[in-house]
Amino acid sequence: MNQQPISIKFLGNMAFFMVVPTTLSILNVIPLSWLLIDLAIIEALAIIPTIKKIKKAPFSENLELYVWGDAAMILSIIAASNINFNTVFIPLLWIVILTGTIIYMLVLRKGAVNQNKPVTQNADSTVV
């Protein structure tokens, strides 16, 4: 599969939306919760290229990686000693993103042929 070129405009926008809010938060101009919301927007946008890749080739991503990532986020919420917006917002966001990606992969894989799986033939010349 060919790699798509990285958009300089996209990277510039992502950098802007990371640097400016972080600087404002460090200077105590905006609260930490605003920075977390900004981070959530960035993370939601960052998954878009992966979603496009999955749409073109449903078997190109490792499903187990997403399942383990989902489990890790659930465990991080369970393990949090102090439950508040700042401690659970990002793990909850990743649970939504990862679970949505898992469901999307499964739906697309249901009707697709795995191009990564080697084709073998039985003795009676049937393809497995």
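The values are calculated or read from the model by the stated rules, or taken from the named source; none is laboratory data. In this text the structure is predicted, and so the values were computed from the model without any measurement. Heads up, the Cβs are rebuilt from the backbone with ideal geometry, glycines too, and the neighbour counts pull from every protein chain shown. These area figures cover heavy atoms from the full protein model, side chains too; ligands, DNA and RNA do not enter into them. Shrake-Rupley method; radii C 1.70, N 1.55, O 1.52, S 1.80 Å.
A few comments on the model shown:
- Looking only at the range 91-114, residues that are open to solvent by less than 40 Å² (accessible area, probe 1.4 Å) and in contact (Cβ under 8 Å) with a residue 24 or more places away in the chain come to 8 in all.
- Taking the range 58-101 as the range and being among the small types (Gly, Ala, Ser) and more than 26 Å from ASN13 (Cβ to Cβ) as the test, the residues that pass are ALA71, ALA72, SER76, ALA79, ALA80, SER81.
- The range 51-64, subset farther than 22 Å from ILE41 by Cα and among the hydrophobic types (A, V, I, L, M, F, W, C), residue most open to solvent (accessible area, probe 1.4 Å): PHE59
- Top-ranked residue in the range 73-89 [being within 25 Å of PHE17 (Cβ to Cβ) and open to solvent by 30 Å² or more (accessible area, probe 1.4 Å); ranked as modelled with the lowest pLDDT]: ASN86
- Pairing each residue of the range 36-57 that is on the phi < 0 side of the Ramachandran plot with any residue that is among the polar types (S, T, N, Q) and open to solvent by 30 Å² or more (accessible area, probe 1.4 Å), provided the two are 6+ apart or on different chains, yields C-beta distances under 6 Å for LYS53/SER60.
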